[in-house]
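The values are calculated or read from the model by the stated rules, or taken from the named source; none is laboratory data. Nothing here was measured: the structure is a model prediction, and the numbers come from that model. Every residue, glycine as well, gets a Cβ built from its backbone with ideal geometry; the counts of neighbours run over all protein chains shown.
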Amino acid sequence: MEKQMSTKVENQVEALMKETSAWTTGHFLLSSGLHSDQYMQCQRVMQYPEYGLTLARLLMQKVSDAGLAPTVIVGPALGAVHWEVYCAIAANQIAGKTGMDQIRAVFAEKVEDGVFAIRRGVEIKAGEKVMVVEDVTTTGGSAKKVVQLLENMGADVIAVGAIIDRSGGVAQFGRPFISLLELQLETYTADACPLCKAGGKAVKPGSSVLTK
């Protein structure tokens, strides 16, 4: 039964990604520095609140079922700047929290190359139970940096979550990692990329219009 439910969720996620053209093909330079012929542009899903909340409810229900209860959801900007809000809304709906007792939504922003910070008057208190969320995990580099930031602030980072784990289960964070869809997609270093060797030029997603 659990496997059937998991398959149903995976099919639902894949259908939403393809319906919104969020699952794209081409020649891409990922944030990890790797190249790939496939890219998950989740902002194409996030622009539709109904769809974003659908994915968030699916993820946060898995978090709740795992017995995890964060008080703050943190997402690295810009990729998760909408996603962490959707996840917090879903978590509050599941837990029945309102008012000042709500699970909060916070984004961590890059203040310089590779360095994240939480700013704009938002505070994370020592001991707060925090979950870090991102849209797509390839190597998990950004999420790991945010986890480290939060730990340095004294927070208790209890889990990491993603819509899609395209690391094929390789990404590890030293705590529960919960995703909705696990994919094993080819990635290449620049010097080993067959698309580059064929004369193609990698496009950094977000810098141009993507096509299916």
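Take the residues in region 180-212 that are out of contact with any helix residue (DSSP H, G or I) (no Cβ under 8 Å at 6 or more places or on another chain) and among the hydroxyl-bearing types (Ser, Thr, Tyr); name whichever of them is modelled with the highest pLDDT. Selected residue: THR189.
Of the strands (runs of 3 or more DSSP E) lying entirely inside region 73-144, those carrying at least 1 residues that are under 10 Å from the mean Cα position of the chain (by Cα) and within 21 Å of LEU58 (Cβ to Cβ) are 129-137. Is it the case, given these coordinates, that VAL63 is aliphatic (A, V, I, L, M), modelled with pLDDT of 95 or more and either more than 16 Å from ARG166 (Cα to Cα) or in a helix (DSSP H, G or I) (or both)? Yes, satisfied.
One residue alone among THR54, THR24 is in contact with a Phe, Trp or Tyr (Cβ under 6 Å, 6 or more places away or on another chain), in contact (Cβ under 8 Å) with a residue 40 or more places away in the chain, over 18 Å from GLY140 (Cα atoms) and of a type outside the set (Gly, Ala, Ser), and that residue is THR24. The sole residue among ASP37, ASP113 that is acidic (Asp, Glu) and touching a residue at least 24 places away in the same chain (Cβ under 8 Å) is ASP37.
Residues in region 1-54 that are in a loop (DSSP other than H, G, I, E, B) and either farther than 23 Å from ALA190 by Cβ or at pLDDT 95 or above (or both): MET1, THR20, SER21, ALA22, CYS42, GLN47, TYR48.
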